[in-house]
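Asks: The following block contains the structure, expressed as structure tokens.
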Amino acid sequence: MGSYLVRRFVLALLVLCLALLILFLLIYAVPGDPATIALGPRASEAQKLLFRERMGLDDPLVVQAVRYIGLMLRGDMGTDILSQRPVADLVLAALPRTVLLALVGLGWAVALGLPLGVVSALNPNSWIDRVVGVISTSVVALPSFLMAIYGLMLFSVTLGWFPAIGAGEPGDFGDQVRHLVLPALAVGIAWVGYIARLVRVSMLEVLGENHVKTYRAFGVSNLRIALRFVLPIAVVPVLSVLGVGMGNLLSGAVLVEVVFSRPGLGSLAYDAVVSRNFPVLFGSVVVTTALYVTANFLTDTAIALLDPRIVEEG
Amino acid sequence: MSAVLSLESVSVLYRKGRTMVPAVRDVTLEIGRGETLGLVGESGSGKSSLATAITGLLPSGGRVDGTVRFEGSDLTGLAASDRRRLRGTAIATIAQDPFTSLNPVVRIGRQLVEFQHWQTDRSRAERWRRAAEMLAQVGLSDPEARMRQYPHQLSGGIRQRVAIAAALLVNPRLLIADEPTTALDATTEDQIIGLIRNARQAIDGAVVFITHDMSVVRRLCDRVAVLYAGQVVETGPVGTVLGDPRHPYTKALLACDPAGIETPTRLLPTIPGTVPAPGNLPPGCVFAPRCTAALPVCSQRSPRPSAAGPGHSAACHLMGTA
Amino acid sequence: MTDASLAVPRSRRPSLGQSGAILRRLASSPAGAISLGFILLLFAVAIFAPLVAPFDPIAIAPRDRMQPPSAVHWLGTDQLGRDVLSRLIFGTRTALQVALAGTGGAFLVGMCLGMVSGLGPKWIDSLLVLLNDSLKALPLILFALALVSIYGPSMVTLGVIITLSMAPGYFRVVRNQVLVLRNADYVVAAQAMGASWLRQSMTHLLPNLIGPILVLIAMDIPAVIGIESGLSFLGQGVQPPNASWGTMLSEGYAYLRQAPHIALTAGAPIVLATIAFTFFGEALRDALDPRGAGDRR
């Protein structure tokens with residue numbers, strides 16, 4: 001178990017470094033002045049000069065790349081060219097809000113999609129399976145920001161049930177929850193379908209395995225077998241797909257934040273694009289990448305806890 | 001000797017497209033208390049289907065015709081929940097493949113506790129203790145340690161011992177072993193057969209042993225039923241059937257048994273051809289196309305079982321002539 | 001179940017000669033037939049946009065601003081008085097262009113790298129797999145915003161973004177198929193007979209890949225439409241005055257209270273197109289591999 005997690009951790013770190021390298025090359029290895037590209041057109045000459053010095057832009061590219069990755073890993077993402085505050089502070093302040101939105105969105109999708117998938121798998125080709133199948137296939141590719149706009153039109157503008165913009169009054173928990181409902185619905189809806197489909201396929205596969213017959217031969221009820229002995233195996237591939245899908249989840253949350261003017265990484269990055277404040281924009285890319293890699297590592301850990309075979313096979 | 005299990009014209013049919021195809025046809029058998037019956041045949045002969053008809057674990061789309069009586073009461077008329085209770089208490093199965101028959105992500109101990117879940121008079125701690133006892137009884141050292149392991153950490157032989165222990169945990173009155181040694185090497189096979197022989201003495205009931213291996217039948221069973229294409233072609237006491245086989249298929253099976261070959265040879269005898277598919281049975285005797293002694297009548301009329309001795313019968317047109 | 005008679009031998013190699021049967025199976029499922037019909041309609045609308053559209057999609061008419069649907073403007077007009085229906089029709093053209101160019105680019109890149117990875121030495125394979133994972137780790141929308149900020153919004157930037165984000169899927173499919181084929185008996189046998197790997201890949205790889213790749217393209221098109229409209233919604237994708245569903249959505253969003261019909265109608269084709277392509281992908285997969293049709297959705 002220990003060595004497996006160490007290996008996954010090293011791999012995660014490697015992926016993060018390589019992703020940072022890709023980002024570095026796109027900013028620094030393109031024709032033009034790297035300082036202007038990295039800081040954006042609104043940076044002052046003094047800021048650019050400071051930047052050139054800090055990044056050592058006269059060094060060979062390899063040295064620069066290593067230095068860049070080192071700085072990012074240490075959380076030093078430069079300064080906001082407008083407010084002069086460290087980018088890391090801004091990004092880390094916005095991060096929890098985006099994580100909350102993504103987790104609540106995914107949470108309700110799991111809470112609904114998982115039982116739907118289980119029921120479908122236990123009654124294959126029944127009417128309920130068909131209905132769940134059609135609905136999940138219909139919602140699975142819907143862009144979340146579009147659902148956000150439609151939700152906004154229907155539930156805030158027309159019906160007035162939920163507030164339209166912002167994240168709610170600080171300190172007022174009820175208000176914050178009311179502000180979270182529509183964005184979370186928009187972020188999660190496609191995932192309901194996705195999870196239901198994944199769970200169904202995975203459950204059906206495990207239900208066909210031999211050990212299920214053993215349990216039935218000992219008179220254990222089908223429902224008990226499904227929930228206690230099949231589901232724990234069936235969720236493993238679902239989890240690994242969810243880990244990879246984390247990127248889509250975060251992208252969805254980012255766009256939904258913009259639709260609802262909700263503070264968070266998405267709004268931060270969008271405002272940075274509009275105000276040409278590039279260090280903040282690149283900083284949010286870096287932090288979101290790190291978030292994705294972390295989420296994937298946590299998924300790997302969860303999988304290792306669920307399936308002891310994976311640990312030994314590597 | 002009262003019958004533990006009696007089958008009366010049992011057929012097992014599977015849905016294939018729009019028609020129902022018989023995997024087992026018109027099987028009548030009786031197994032008495034203390035008896036071990038060997039069900040023998042090649043793969044495709046319907047042995048496993050017959051076992052599922054007894055346990056009631058037919059795959060969806062399957063159907064059993066005829067009556068299956070367990071200790072006198074008809075199982076086919078039972079409600080699903082009663083049938084399920086019977087499986088957890090009176091009828092136990094030793095699964096075929098030790099490598100896949102245990103849940104891979106659950107520790108052995110928890111699985112053995114789960115198998116006793118109809119033994120409602122036992123507490124959880126008691127179930128755990130009984131499981132450990134039973135593992136010791138099937139010859140596993142340090143049962144507590146085994147119970148904390150996962151199936152993939154154990155060898156095939158140990159897993160099959162666990163499967164036997166599991167079956168004995170519920171004090172069954174009918175034990176069904178579906179080719180429990182096929183996936184194992186010869187030494188382990190010997191040990192497992194020894195264990196099943198002991199198990200037979202431990203349980204107060206009967207054993208149905210499914211195999212394709214005549215030498216295993218010889219070592220373990222009291223009576224034998226030879227299945228071919230879903231039909232019983234010959235049945236009787238092991239001594240007479242194996243000593244004086246009357247059906248050409250039984251003779252062929254015996255000839256193929258490597259244990260019966262006395263002089264070293266490089267040629268493993270086989271029966272030419274394959275078992276016909278259930279939906280595509282030949283007219284007349286089902287074995288006729290592969291039978292070396294077939295007469296013209298064999299491909300026209302289906303032979304009826306006729307007596308060949310006490311408790312011994314075979315279904316073959318040659319019975320009168322040979 | 002040990003009975004071998006129930007195990008049906010199956011072939012894993014769909015040949016090109018089966019395409020007629022596949023098409024028939026596809027059209028015989030209601031979902032397949034309806035989605036295929038709708039997709040053909042979308043393509044027809046995109047190709048014949050200038051003929052179908054009742055108005056010029058970029059001609060502004062300030063006096064007719066934000067009119068609700070009427071007999072003249074079936075879906076109303078936007079904040080500059082442009083006909084919403086005509087803009088939707090030209091938006092279809094944009095959406096399909098981006099979708100085809102993006103998935104096409106992703107397919108080419110993924111195919112080449114997948115072949116190199118599957119056929120090349122182990123270290124190249126490991127490196128490419130790692131690179132693939134790293135590319136997937138970059139958050140799509142934020143990464144796209146960064147690229148657009150550096151290189152400026154254009155169709156080319158959009159194409160590069162979509163290619164980069166979709167290529168990993170094709171890379172994985174091609175690489176895995178190559179690895180499977182590399183060890184397949186009939187390929188090893190052919191190699192022993194002296195067939196070159198290039199010839200190998202042409203005769204064995206391509207027929208095996210066509211099915212999964214087509215399914216992947218059908219499933220990716222909704223995602224691409226989502227990315228394009230998402231970026232256009234943020235003002236970083238297709239640039240005004242060109243019509244795209246996303247830019248229309250963004251304009252409609254700005255006038256959500258005054259003229260809700262703009263956002264409402266701009267979203268409708270996105271919803272319909274993504275649903276149609278998803279159902280089409282499913283039906284195509286089932287038609288290519290009818291065995292698992294009921295068990296896999």
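Taken together, the values in this text are just the output of simple stated rules run on the coordinates, not laboratory data. Every value quoted in this text rests on a predicted model; they were computed, and no experiment measured them. Here the Cβ is made from the backbone with ideal geometry for all residues, glycine too, and neighbour counts use every protein chain on show.
Asks: Rounded to the nearest Å, what's the spacing between the alpha carbon centres of the stretch A:175-199 and the stretch C:16-86? Just the number, please.
Replies: Computed from Cα coordinates, the inter-centre distance equals 30 Å.
Asks: Could you tell me whether chain A comes out rounded, prolate or oblate from its Cα gyration tensor? Rule is a ≥ b ≥ c as square roots of the eigenvalues, rounded for a/c under 1.5, then prolate if a/b exceeds b/c, otherwise oblate.
Replies: oblate
Asks: For the stretch C:27-296, count all C-alpha to C-alpha pairs, find those more than 35 Å apart, and express that count as a whole percent of the total.
Replies: Tail of P(r) above 35 Å: 28 percent of Cα pairs.
Asks: Anyone know which of C:138, C:181, C:128 comes out most mobile in the 10 Å Cα GNM of chain C?
Replies: C:138
Asks: Moving on to the next point. Please arrange A:52, B:130 by how many other C-beta atoms lie within 10 Å of their C-beta, fewest to most.
Replies: Values: A:52 15, B:130 19.
The most exposed by this proxy come first: A:52, B:130.
Asks: Rounded to a whole number of µm²/s, how large is the Stokes-Einstein D of the stretch A:2-73 at 10 °C and 1.306 mPa s, given Rh as the Kirkwood radius over C-alpha pairs?
Replies: For the chosen part, D equals 117 µm²/s.
Asks: May I pose another question? If you line up the Cα atoms of the protein assembly as shown on their principal axes, what length do they span on each, largest first, in Å?
Replies: 108, 66, 62 Å, listed from the longest principal axis down.
Asks: How big is the shadow of the Cα convex hull of the stretch B:1-122, averaged over all directions, in nm²?
Replies: Its average projected convex-hull area is 9.7 nm².
Asks: Between beta-carbons, use under 14 Å as the cut-off and find the net charge around residue B:311, counting Lys and Arg +1, Asp and Glu -1.
Replies: Net local charge, residue B:311 excluded: -3.
Asks: Taking chain B as a Gaussian network, Cα atoms linked when under 10 Å apart, which of B:270, B:250, B:181 shows the biggest mean-square fluctuation?
Replies: The residue that fluctuates most here is B:270.
Asks: Work out, in µm²/s and without decimals, the Stokes-Einstein translational diffusion coefficient of the stretch A:174-300 at 20 °C, 1.002 mPa s, Rh from Kirkwood over C-alpha pairs.
Replies: In µm²/s, the coefficient rounds to 123.
Asks: Give the separation of the Cα centroids, the stretch C:214-270 to the stretch B:43-112, in Å.
Replies: Cα centres, the stretch C:214-270 to the stretch B:43-112: 57 Å.
Asks: Viscosity 0.890 mPa s, temperature 25 °C: Stokes-Einstein D of the stretch C:215-291 from its Kirkwood Cα radius, in µm² per second?
Replies: This corresponds to a translational diffusion coefficient of 183 µm²/s.
Asks: Now for a separate question. Would you please report the Å³ per residue occupied by the convex hull of the alpha carbon atoms in the stretch B:106-169? Could the numbers behind the result be given before it?
Replies: Numbers: hull volume 4.4 nm³, N = 64.
Considering the Cα atoms of the stretch B:106-169, their hull volume per residue is 69 Å³.
Asks: Which of these, C:245, C:123, C:74, has the largest mean-square fluctuation under a Gaussian network model of chain C (Cα springs below 10 Å)?
Replies: C:123
Asks: What is the magnitude of the charge dipole of the stretch A:93-313 about its Cα centre, with +1 placed on the Cβ of each Lys and Arg, -1 on the Cβ of each Asp and Glu, and no other charges, expressed in debye to the nearest 20?
Replies: 460
Asks: Can you tally the net charge around residue C:234? Count Lys and Arg as +1, Asp and Glu as -1, for every other residue whose Cβ sits under 14 Å from the Cβ of residue C:234.
Replies: Local charge sum for residue C:234: -4.
Asks: Taking the number of other C-beta atoms within 10 Å as the exposure measure, put A:270, B:228, C:253, C:151 in order starting with the fewest.
Replies: C:151, C:253, A:270, B:228
Asks: Ordered by residue, what ³J(HN,Hα) values in Hz, to whole numbers, does the stretch A:189-195 give under the Karplus form 6.51 cos²θ - 1.76 cosθ + 1.60, where θ = phi - 60° and Gly and Pro are x?
Replies: Going residue by residue, I get 4, 5, 5, 4, x, 4, 5 Hz, with x marking Gly and Pro.
Asks: Residue by residue through A:242-255, how many Cβ atoms from other chains fall within 10 Å of the Cβ on average? Please list the in-between numbers first.
Replies: Working: counts 0, 0, 4, 1, 3, 9, 6, 1, 4, 10, 4, 2, 7, 7.
For peptide A:242-255, the averaged partner shielding equals 4.
Asks: Tell me which residues come under 5 Å, amide H to amide H, from residue B:224 once H is placed; ignore anything under 5 positions away on its chain.
Replies: Amide H neighbours of residue B:224, under 5 Å, 5+ apart: B:38, B:236, B:238.
Asks: Have a look at chain B and give its Rg and Dmax from the Cα atoms, expressed in angstrom.
Replies: 20.4, 66
Asks: From largest to smallest, what semi-axes in whole angstrom does the stretch A:118-214 give when each is the square root of 5 times an eigenvalue of its alpha carbon gyration tensor?
Replies: 37, 16, 10
Asks: Order by neighbour count: A:216, B:69, fewest other Cβ atoms within 10 Å first, most last.
Replies: With the sparsest Cβ surroundings first, the list reads B:69, A:216.
Asks: Determine ³J(HN,Hα), in whole Hz, for all residues of the stretch C:87-93 in sequence, where each value follows from phi through the Karplus function 6.51 cos²θ - 1.76 cosθ + 1.60 and θ = phi - 60°; x replaces Gly and Pro.
Replies: 5, 4, 5, 6, x, 4, 4
Asks: Return the lysines within reach of residue B:16: Cα separation strictly under 20 angstrom, same-chain partners fewer than 8 residues apart disregarded; answer none if there are no such residues.
Replies: Reachable lysines: B:47.
Asks: Show me, for the stretch B:36-44, the HN-Hα J-couplings you get by feeding each phi into the Karplus relation (A = 6.51, B = -1.76, C = 1.60, θ = phi - 60°), rounded to Hz, glycine and proline as x.
Replies: Karplus-based 3J(HN,Hα) across the stretch B:36-44 equals 10, 9, x, 9, 10, x, 6, 5, x Hz.
Asks: Next question, about the same structure. If you take every DSSP beta bridge whose two residues both sit in the protein assembly as shown, what share of them, in percent to the nearest 5, is antiparallel?
Replies: 65
Asks: Determine which aspartates and glutamates satisfy two conditions relative to residue B:251: a Cα distance under 18 Å, and not lying fewer than 8 residues away in the same chain.
Replies: Within the straight-line limit of under 18 Å, residue B:251 reaches these aspartates and glutamates: B:42, B:213, B:234, B:262.
Asks: Which distance in Å, rounded to a whole number, links the C-alpha centroids of the stretch A:251-303 and the stretch A:1-70?
Replies: Going from one Cα centre to the other spans 18 Å.
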